[in-house]
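Here's the structure, in C-alpha cells; my notes come after.
Any read-out appearing in this document is the output of simple, stated calculations on the displayed coordinates, not a laboratory observation. Source: prediction; values computed, not measured. Cβ coordinates were reconstructed from backbone atoms using ideal geometry, including for glycine residues, and neighbour counts include every protein chain displayed.
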Amino acid sequence: MVAPQREIMPVRKTTKRLYLIPVLSKALDILELLQEENQPMTLEAIHRKTRISKTTVYRILKTFVHRGYLSQSPDGLYRQVTRPKKMRFGFAGQSADMPFSNEVTESLKDAAASVGVDLMILDNRYDAGTALKNAEEFVRSKVDLVIEFQVEQEVAPMIGDKIAGANIPLIAIDIPHPHATYFGVDNYRVGIEAGETLAAHAVANWDGKVEWVLGLDLAEAGPLVQSRITGAFEGVRNGISDLPVELFVRMDARGMRERSKKLIMDFLQRHPKDKHILVAAATDSSALGAVDAVRELKRDKHVVVVGQDCIAEAIAEMRRDKSPLIGSVSHEASSYGPSLVHLGLQLLRGQTVPPYNYVAHKMVTQKMLE
C-alpha cells in the first residue's frame, strides 16, 4: 500500500536583512586570524588565508598599525599587540589672547578627537613662568607626549630638560627646544616671500622708491623666529637692489598689537614727511597694530604692511578698500592639528622622524581676495 503523499507547502523566507559593513567585516577577519595564529604573519600569508584582495589587506593592515592594534617589524611581518591605553597628549598653547594660537588649538582638538587621542590643554599666557609651570603639570599628569607652543627662547632649555627628564617625547612649535622635534614654518623662507611682496608693491606703485623698511620683530623668540624679519629684509633687497643698509630698521614688537601700534606711531611721528615706508611684521597681530597706527595718523598712502599667519582678522582687514595691509603669509593653521597628531603618534611608536618638520605656507594678497 502506497502511503499518501503530503503536500509540501512553500517555505516563507523569514531571514532578516543584515546591515553589515563589508570592509569592517574583512578587517575583523584579519584581526581574528592574527589572534588565532598568534604569531607574526606576512601580508601574503594573510591574503592567502583570508582570500581578501591584497590591496584591501594592505590598507587594513596599515590602518591597524596606525591605530596601534598591530605592529609591523622591519622585515614586514605583522603581529597583534596588546591594545595600549588611550593616549593623552599635553598641549601648551601660546596664549588664548593670540588668534593664531587659538586657531592651532582648535585644529589640534579636532585632529585628536578624530583618532581617539585625549588632549590636555593648558594656556602659556605668553609668559615664560607660566610655560614652565605648565611643563611641570604635564610631567605630574604623566601625559604620553607634550606639544609646546610658547614664545620665550630663554625658558625653552628648562622646559625641554623637564620634559626629557620624565622621558616624555616633546614637539616644539615654531621655537626650537632642546630634546624636542621641531614643527612649524620655515621662518626664513616665509620672511623672504613677505619681503618680495613688499618690494613688488614699491616697484609697481612707487617706482621702486623706498625711504624706510621697518621690521616688527619678536626678539624673545630667538634667532629662528627672528629670521622672519631677516628674510623679509632680504626679500626686499631681492626686489629692489642697492638700498642703503641704514634704511632697514628692526623693532622689538613682541608680536603684540598694541606694542606694534605704539612703535609704528612713534616712528611715523618722527618722520612726518616720509612717504615710501615698507613694514614687515613677524605676526599678524603686529601687522594689525601697524595698520592701526597708519590709519590713525592718516598715512595710508605712505605705508604698506605684510604680516605672518593670515588670521581671520587680517583677511578681513585686507578686504577693506585701500587697506595698508597688502598681504600675509598663511601658515595654514588648520593643517597643524592633523600633522601634529600624526607626528606625535610616530614618535610614540618609535618611528624615525626628521628633526625639523615644516608646514606648507602660501602668500595671500589683497588682489587674491578681490
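Observations, loosely collected:
- Working from Cα pairs under 8 Å separated by at least six residues, relative contact order for region 162-268 is 28 percent.
- Only lysines eight or more places from Lys54 in sequence, or on another chain, were considered; those with a Cα closer than 25 Å are Lys26, Lys62.
- Rel. contact order, % - alpha carbon contacts under 8 angstrom, at least six apart, the chain: 13
- Only Lys, Arg, Asp and Glu carry charge here, each on its Cβ (+1 for the first two, -1 for the last two); on that basis region 23-80 has a dipole of about 260 debye about its Cα centre.
- Electrostatic tally near Ser334: other residues with Cβ closer than 13 Å to its Cβ, Lys and Arg +1, Asp and Glu -1, net -3.
- Table column - 3J(HN,Hα) (Hz), region 173-186, Karplus curve with 6.51, -1.76, 1.60, x for Gly and Pro: 8, 6, 10, x, 10, x, 6, 10, 8, 7, 9, x, 7, 7
- Helical contribution to [θ] at 222 nm, DSSP H n ≥ 4, -39,500 (n - 2.57), averaged over the chain, rounded to 500: -14500 deg cm²/dmol
- For region 187-330, relative contact order (Cα pairs under 8 Å, six or more residues apart, normalised by length) works out to 26 percent.
- Partner aspartates and glutamates for Lys49 [C-alpha distance under 19 Å; skip if fewer than 8 residues away on the same chain]: Asp29, Glu32, Glu36, Glu37
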